[in-house]
Amino acid sequence: MSRNADAPAAAVSRVKVIAAAVLGALLVLEGIFAAPYIAHAMVVLGAPDMRYLAFAVLAEVASMGFFARVQRRMLFAGGTRVSMRHMIALTYAANAVSVSLPAGTVLGSGYTFRRMRVLGATVPAVSFTLLSSGILSTVTFALLGVVSAVLAGGVALGSVMVVAVAATAEVVVIFLRRHHGGEVVARLTPRALHLVNRIRHRAPETGLAALRKTMSDLAAIRPRGRDWLAGTGFAGLNWVTDLACLVACCYAVSADPWSLSLLTVAYLAGMGASSLSLLAGGLGVVEAAMIFTLTQGGVNTASATAGVLLYRLISFAFIVALGWAVWAATGIADRRAHRRSASTTSLGSGA
């Protein structure tokens, strides 16, 4: 009986060991792949201005903090209070998972979902947080593109497309707010569940009761205007401080007269191109897009390369390293808490 009870736990333990081994192998392979990139960066960078370098690091840390505040505010709107310390830890760890592993976006979202549940958030609150924070991030990135177009002194087709994206996202936000989660979504989701059940050869009503309860709970989330305003402000500051990191990095490695509008366009090009890369974190594609934009704007290749590489070392390598450290520390803390809980339960059963 005891052996049968221990079998599932042993299986789970083996799966965790295998997963850890695969993760370690992936990280080693990424380190091998990135080694030439980092070595080249060290040669090009030379001796950066430490004042600008310190500002760049602080700006990137602030950027991560602002994104944590976006999700914390949306969780609060969903009825869950989480400490800033826990949200920052979650943000760093989820970012590391998201940008380091294949299919990282999906894995990062899954990790965020599980951690928010551990922190006490309900399933509807977590779902609302992930959806709304994504929308706010898209809206503010699009608005940054509009500002860039204005600074550049022209209204090209690209800026018109950006406005369209921003307007569409804003309409979605207003729709969700006015319809308390969206009656259309509430009608379509059960149909999608029926289709899934048919494909999986299950009864049509399987899972429908739980789905209706989740949709009802989600519809009950009614963010105030101040929640949307605060979330939008934090999301905008997330992008702006990340851009400030790039600006500071460029000034740290060269005294060239950098143009803020050109740096903004280069930043937008790099962030936009990141989704086109098959490599973790957009390695190679982001740098190429930024350097190409800067050189086309008149910056010499050496300065553009040094500035962009320094930015990526801070915003990618440094932040990801911190994220994995937080991920490991969180896992150790969880295991210790589990052992203490199991020990207490065992003592209580013995009494």
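The values are calculated or read from the model by the stated rules, or taken from the named source; none is laboratory data. Only a predicted model underlies this, so the values are computations on that prediction, with no experimental measurement involved. When we count neighbours, we look across all protein chains shown, and the Cβ atoms used for this are built from the backbone with ideal geometry, even at glycine.
Observations on the model:
- Qualifying residues in the range 35-77 (those that are over 23 Å from Trp239 (Cβ atoms) and buried (at least 18 other Cβ atoms within 10 Å of the Cβ)) - the one modelled with the highest pLDDT: Pro48
- Qualifying residue in the range 219-239 (condition: at pLDDT below 70 and part of a helix (DSSP H, G or I)): yes
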